Amino acid sequence: QVRLVESGGGLVQAGGSLRLSCVASGSIFRINVMGWYRQAPGKQRELVAASTSGGNTNYADSVKGRFTISRDNGKNTVYLQMNSLKPEDTAVYYCNADLQTQGTSYPYNYWGQGTQVTVSS
């Protein structure tokens, strides 16, 4: 059974920084993509940033230049460094992983439980 556990959310003033972490655990064979999504009240969940096992990254336009995604493949961990935070970054941030477990032939998509990020003005 696979679990994605996020940490690092909280309350911060505009202009501040936070670092989110997400650890994947279980019978993992290979992780293809790890990323972060967010969902603000009344809005759809959106991609924030993603990172492939090969090191390619992708960012939402709204966070480019402010957020940085990184991975520690040996620890099955993905990070999101968030700088210059704005009130509009307030949302629940979800970790996402496209991964293959031991004994399976195909990858599946998994979600963490989410961590709240609140940016005050």
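Here the chain has 45 percent of its accessible surface on carbon and sulfur atoms, given a 1.4 Å probe and all protein chains in place.
Derived scalar couplings between HN and Hα for the stretch 91-103 equal 4, 8, 9, 10, 7, 9, 9, 9, 9, 10, 8, 4, x Hz in order, rounded to whole Hz, by the Karplus curve 6.51 cos²θ - 1.76 cosθ + 1.60 (θ = phi - 60°), x for Gly and Pro.
What number does the stretch 44-95 give for Rg over Rh if you use C-alpha atoms and the Kirkwood radius? Show your work: numbers first, answer last.
Details: Rg = 11.4 Å, Rh = 11.9 Å.
Taking Rh as the inverse mean 1/r over Cα pairs, Rg/Rh reads 0.96.
For LYS64, a cut-off of 25 angstrom between C-alpha atoms picks up these lysines, skipping any fewer than 8 places away in its own chain: LYS43, LYS86.
Name all residues of the stretch 71-106 having a backbone nitrogen under 19 Å from the label point set 7 Å from the Cα of ALA14 along its Cα→Cβ direction, giving them as ranges. Of the residues in the stretch 71-106, 82-92 have backbone N under 19 Å from the label point off ALA14. Measuring how big the chain is from its alpha-carbon positions, Rg and Dmax come out at 14.1, 49 Å. Direction-averaged projected area, Cα convex hull, the stretch 13-74: 5.7 nm², rounded to one decimal.
Rolling a 1.4 Å probe over the heavy atoms of the protein chains gives the chain an accessible area of 54 Å² per residue.
The values are calculated or read from the model by the stated rules, or taken from the named source; none is laboratory data. If you're wondering where the values come from, they're calculated on a predicted model, not measured in any experiment. Every residue, glycine among them, receives a Cβ derived from its backbone with ideal geometry; neighbour counts consider all protein chains shown. For the accessible areas, the whole protein counts, side chains as well, though only heavy atoms, and no ligand, DNA or RNA atoms are used. Shrake-Rupley method; radii C 1.70, N 1.55, O 1.52, S 1.80 Å.
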